[in-house]
Amino acid sequence: MDLTGKQLGQLHKALLHAFPSAMDLQQVIRYGLGENPSVIASGGDLSSMVFNLLQWAGARNKYPALLKAAWDANSEDTELNAVIRDLQKAHPTNAELKKLSGQLSPPPTGEESTGGLNDDLFAQVRAALIECGPFNSEGLLRAVFVTTPSLSAWKDQLPKADSPAARVDETMALLLDKRSATQKNALVLFMRALSSRTQPGDECHTRLAKLADVLEKALD
């Protein structure tokens, strides 16, 4: 199973979130993977250790095993669970990942958490925003709202979150039930703004635009 650079970055952050000390991470490696932490995840700081662990896992096709070991050690971590779900959607034929994803507690569902969307569409929109959106920092996200007239009304209501995945969740919650002066749904406007900021030949350009159309029909 190959991961993109963005997916690796998200997994890196999730592991740092789930295992905030070197000892926590070393226990995952020793007890979950049965490996020597000093051999496969040495480093001067925790971030370097996680980076080296991911390099080791990638070279040996061990990403699913690493995810399973991490989840077994901290199954309650929301960031880790979100990354596992997103990776399973991106790699639906991976049997190990599919089995692990099936063990996760279901994400919040229902009209209150999804704004009336069905769970599948909600998940598709969320995954597209995580992979294609400007959620690595509050500054990048705010820039879209500041420079897009149809979104500027919400520029001062943007969420503060400690990770890209959490920032996506909070932004979706903010925009799902908002309407512009022309009665356009704010999340639809946001996705179209993101699509317009990517090159026409980029996969994210088409993906965001198509989902915006589907979302608009679902919310009418």
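The values are calculated or read from the model by the stated rules, or taken from the named source; none is laboratory data. The model shown is predicted, which means the values in this text are computed figures rather than measured ones. All Cβ positions, glycine included, derive from the backbone under ideal geometry; neighbour counts span all protein chains shown. Just so you know, the surface numbers come from the protein's heavy atoms only, side chains and all, with ligands and any DNA or RNA stripped out. Shrake-Rupley method; radii C 1.70, N 1.55, O 1.52, S 1.80 Å.
At a glance:
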item: Mean residue ellipticity (222 nm) of the chain, computed from DSSP H runs ≥ 4 via -39,500 (n - 2.57), nearest 500; result: -19000 deg cm²/dmol
item: Alpha-carbon spread of segment 92-220, three principal axes, descending order, Å; result: 45, 33, 31
item: Approximate spin-label separation residue 136-residue 177, in nm, with each point projected 7 Å along Cα-to-Cβ; result: 3.4 nm
item: Rg to Rh, two decimals, where segment 1-120 supplies the alpha carbon set and Rh follows Kirkwood; result: 0.99
item: Of 99/210; 98/178; 68/210; 99/217; 13/160; 178/217, those spanning more than 27 Å from alpha-carbon to alpha-carbon; result: 99/210; 98/178; 68/210; 99/217
item: Spherically averaged projected area of the chain from its Cα convex hull (nm²); result: 12.7 nm²
item: Computed accessible area, residue 21, all protein chains, 1.4 angstrom probe, square angstrom; result: 40 Å²
item: Residues whose placed amide H lies under 5 Å from that of residue 35, excluding near-sequence neighbours; result: 30
item: Alpha-carbon centroid distance for the pair segment 147-220 / segment 11-51, whole angstrom; result: 35 Å
